[in-house]
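Colleague: Can you read through this structure? Questions will come right after.
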Amino acid sequence: MSATLDGKVALVAGATRGAGRGIAVELGAAGATVYVTGRSTRERRSEYDRPETIEDTADLVTEAGGRGIAVPTDHLDPAQVRALVDRIAAEQGRLDVLVNDIWGGENLFEWEAPVWEHDLDKGLRLLRLAVETHAITSHHALPLLLRNEGGLVVEMTDGTAEYNRDTYRNSFFYDLAKSAVLRMAFSLGHELGSRGGTAVALTPGWMRSEIMLDHFGVTEESWRDALESEPHFGISESPRYVGRAVTALAADPRVNRWNGQSLSGGRLAQVYGFTDLDGSRPDAWRYIVEVQDAGKPADTAGYR
């Protein structure tokens, strides 16, 4: 699969690390101008207190062949988001792709804690970061995106609509946040579809984000060492894989066939023919249902 996005303008909201960085880089590799936003810069870190920055992401976009533009933005602040969109309008006059990938909740949700035991302030903060930010960003960015036919909005979440409908996702607050984003894509599909735009929800599989690699004490080059402690990690994928999914959607002249739907990177790889960096096509959500959640021994044969 090859895709060209020359002349296209994208905003990846929440592009400091993880899926956002992988998406931004792949959009750049296809030739797009990519605005990358987040709160961690070379001068100031967010509460994550991690080394990744939006400037680093922008540099990777440019190195990949696009044009990366870093704009520090707190997407909980409507004034900052409005200023961001005004800048894109002034500099580019258009917006073709909006990726709502703002999250920021890894340190806030408490695994398996029922709502009455979960720290309430953390839970409500998680919802603001994961849901309110997306609404604020869409509110301000969509008028610009709708100036031209064919605009695409990608709401990034964790889990497909089918999987999340039947599965408790770690905690009340995490479950609610990820389900809300799925519904956002459905609602935006109704509001954009009749106006020439497309909205989808997209989930990566078990993604080897910087935080996940640190959790297992491995690197992208040595990630298979983690299989000793977690054999199911064999189905994992790089952040670039879901980035290639977004790029394929953005380059598809028939992208509106997906409008309002819940998609996964693994499913789209089968349709568009892209692979992960190692040439494989991990189908994580089918694996999770049929192998991991079914209690079977780890075996990725037939799933990547």
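Bear in mind that the values in this text are calculations on the coordinates, not laboratory data. Since this is a predicted model, take the numbers as computed values, not measurements. Quick reminder, even Gly has a Cβ in these numbers, built from the backbone with ideal geometry, and neighbours come from all protein chains shown.
Colleague: Can you tally the net charge around residue 238? Count Lys and Arg as +1, Asp and Glu as -1, for every other residue whose Cβ sits under 13 Å from the Cβ of residue 238. Walk me through the numbers before you get to the answer.
Modeller: Values: positive: 17, 21, 208, 224, 240, 244, 281, 304; negative: 26, 210, 220, 221, 237, 276, 278.
Net local charge, residue 238 excluded: +1.
Colleague: Residue 8: which lysines have alpha carbons under 29 Å from its alpha carbon, excluding same-chain residues fewer than 8 sequence positions away?
Modeller: Of all the lysines, those that pass the test against residue 8 - Cα under 29 Å, at least 8 places apart if same chain - are 178.
Colleague: Provide Rg over Rh for region 85-150; use the alpha carbon set for both Rg and the Kirkwood Rh (inverse mean inverse pair distance).
Modeller: 1.18
Colleague: Could you give the distance between the Cα centres of region 169-203 and region 1-61, to the whole Å?
Modeller: Each part's Cα centre sits 21 Å from the other's.
Colleague: Now for a separate question. Aspartates and glutamates near residue 296 by alpha-carbon distance under 18 Å, same-chain residues fewer than 8 away left out - which ones?
Modeller: 228, 230, 283
Colleague: Okay, next question. Given only helices, namely DSSP H runs of n ≥ 4 each adding -39500 (n - 2.57), what is the per-residue ellipticity at 222 nm of the chain, to the nearest 500 deg cm²/dmol?
Modeller: -12000 deg cm²/dmol
Colleague: Given the Cα atoms of the chain, and with Rh set as the inverse mean 1/r over their pairs in the Kirkwood sense, what is Rg to Rh to two decimals?
Modeller: 0.94
Colleague: Given H placed on each backbone N at 1.01 Å, which residues far from residue 153 in sequence or on other chains put an amide H within less than 5 Å of it?
Modeller: Amide H neighbours of residue 153, under 5 Å, 5+ apart: 98, 198, 199, 200.
Colleague: How big, in percent, is the set of alpha carbon pairs in region 44-91 lying more than 14 Å apart?
Modeller: Taking all Cα-Cα pairs of region 44-91, the fraction more than 14 Å apart is 61 percent.
Colleague: Of the peptides 16-24, 269-277, how do they stack up when ordered by the mean number of other Cβ atoms within 10 Å, highest first?
Modeller: Packing proxy ranking, top to bottom: 16-24, 269-277.
Colleague: With contacts defined as alpha carbon pairs under 8 Å and 6 or more residues apart, what's the relative contact order of region 215-284 in percent?
Modeller: 33 percent
Colleague: Around residue 146, under 14 Å between beta carbons, what's the net of Lys plus Arg minus Asp minus Glu among the other residues? If you can, show how the numbers build up before the last one.
Modeller: Values: positive: 94, 147, 195; negative: 96, 149, 191.
Neighbourhood net charge equals 0.
Colleague: Gap in Å between the Cα centre of region 107-145 and the Cα centre of region 228-299?
Modeller: Centre-to-centre distance over Cα atoms comes out at 25 Å.
Colleague: What number comes out for the charge environment of residue 282, summing +1 per Lys or Arg and -1 per Asp or Glu over other residues with Cβ under 13 Å away?
Modeller: +3
Colleague: A follow-up question, please. Which of 36, 289, 172 sits closest to the plus end of the dipole of the chain, meaning its Cα is farthest towards the positive end, when Lys and Arg get +1 and Asp and Glu get -1 on the C-beta?
Modeller: Checked the options; the winner is 36.
Colleague: Before anything else, pin down the relative contact order of the chain: Cα pairs under 8 Å, at least 6 apart, normalised by residue count, whole percent.
Modeller: 18 percent
Colleague: Further question on the same structure: Quick one: give the max-minus-min coordinate of the C-alpha atoms of region 52-186 along each principal axis, largest first, in Å.
Modeller: Principal extents (largest minus smallest coordinate, Cα): 48, 31, 30 Å.
Colleague: Something else: Between residue 194 and residue 74, 0.36 nm times their residue separation minus their Cα-Cα distance comes to what?
Modeller: So the extension gain works out to 40.2 nm.
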